[in-house]
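This report concerns only the one structure given below.
Bear in mind that the values in this text are calculations on the coordinates, not laboratory data. Everything numeric here is computed off the predicted structure, so don't read it as measured data. Don't worry about glycine lacking a Cβ; one is built from the backbone with ideal geometry, like all the others, and counts go over all protein chains shown.
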Amino acid sequence: MKICLLEPFMAGSHAAWAHEFARFSRHQVNILSLDGRHWKWRMHGGAVQLAEQFQAQQLAPDLLLASDMLDLTTFLALTRAQTAALPTAVYFHENQLTYPWSPRDADPGHQRDAHYGFINYTSALAADAVLFNSDYHRHAFLDALPAFLNSFPDYRGLDSIAAITAKSRTLPLGLDLQRLDRAKPPTGSAQESLPLILWNHRWEYDKQPEAFFQALFQLNQEGYAFEVAVLGEAYRDRPAIFAEAQQRLGAKLVHSGFVKDFDQYAAWLWRADILPVTAIHDFFGASVVQAIYCNTIPLLPNRLAYPEHLPTTAHAACLYHEACELPDRLRTLLQEKAWLQPLPDLRATVAGYDWQQLTPQYDDLLEALVARQT
């Protein structure tokens, strides 16, 4: 079977997902993509450029698989001579109905923010299958639709919610976790004497770095011994707390900055002991899953997609409810040296996200979608 994968924002987890699915799938996957920048313009104009690519290459796929960054309705309209009979699936890495807006973004104040959510809505309406990377994400999107559509003056299309719900399902994000195994340090290598606390997320507001670092500042002031590795990609508008952390944590901050080389990134994950997470947004949380797979002890908010990544037996030990709890939970881990005995079943649970486990689910689902249309 031939699949055309359409990705207007080819960067980060979107790029990894597209390339890895193409590599592991039993089907032939042809990727059409644009550079991962100017996300708003990609949602508006990406469909036009990808439609031109599609027509120029004279592709004849059996199925279209689009990411949520594509205005699928525009793409289908521009390519209707070639795609009118093709089954389509849209994969939601994120959605613009429930994604928290940056406080620096001017669009909400000018009431220009609803259009991006509307693109997600109409793409879901047009697709034959609507796929979400977590149960949390699926419920968040579907639950947000009534209020979103009711915000418009008339002809709100509320009946369409049932149609979208009926064709929606969760298909977790695939990850090449076995690649982390290949970068694991040799057994018996020297252990670090101090526990290493890890940050391996984007340096952005939605990951709530202030809560993460304030907890560390408090423990540092109390005299606890630990080290901190801050990984993840930084952008020009990075929160000021990262620079403050360099000043206040001093020698405890053993790494600060993006690690481009995957093996070096993996080495930090294997070396890390504790993963405190403070995000206010994560529709899946690939970096969290990677760290758990490498035997870090996670401290996760009891919200978003995080509970899905843990066995229920680990919820009490690994989930917290309010940010004010985080210093106490970290303090207990440090006092009890809990990182020396990783919790059982955590790695085995997230191992189910490896492509070796998930690719057959992707392939079977998409194959069945084509079969239904023929």
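Put a dot 7 Å past the Cα of ALA22, heading toward its Cβ, do the same for ILE280, and the two dots end up 3.6 nm apart. Extending 7 Å from the Cα toward the beta-carbon at both GLU210 and THR98 defines two label points whose distance is 2.4 nm. For the range 354-369 and the range 12-28, what is the separation of their Cα centres, given in Å? Cα centroid to Cα centroid, the span is 12 Å. Extending 7 Å from Cα along the Cβ direction at GLN373 and again at GLU244 yields two label points whose distance is 5.1 nm. In this structure the amide hydrogen of VAL29, modeled in the peptide plane, comes within under 5 Å of the amide hydrogens of ILE3, none closer than 5 places in sequence on its chain.
If you build the Cα gyration tensor of the chain and take the root of 5 times each eigenvalue, what three semi-axes come out, in whole angstrom, biggest first?
In descending order, the three semi-axes are 38, 23, 19 Å.
Applying 0.36 nm per residue to the separation of HIS38 and THR73 and subtracting their alpha-carbon distance, the gain on full extension is 10.6 nm. Using a/c under 1.5 as the rounded threshold, could you call the range 178-353 rounded, prolate or oblate? The axes a ≥ b ≥ c are square roots of the C-alpha gyration tensor eigenvalues, and prolate needs a/b larger than b/c, oblate otherwise. Rounded. Pairs spanning more than 27 Å between alpha-carbon atoms, out of LYS207/LYS260; LYS40/LYS260; LYS40/LYS207; LYS260/LYS337: LYS260/LYS337.
Taking 0.36 nm per residue of separation and subtracting the Cα-Cα distance, full extension of the segment from ALA338 to PHE152 would add 61.7 nm. As a rough guide to protection, the peptides 231-239, 268-276 ranked by mean Cβ packing within 10 Å, highest first, stand as 268-276, 231-239. Using only Cα atoms, locate the centre of the range 274-328 and the centre of the range 158-180, then give the distance between them in Å, rounded to an integer. Rounded to whole Å, the Cα centres lie 21 Å apart. For the chain, the longest principal axis of the Cα atoms and the long axis of helix 326-336 meet at an angle of about 50 degrees. Full extension of the segment from ALA144 to ARG80, taken as 0.36 nm per residue of separation minus the current Cα-Cα distance, would add 20.0 nm.
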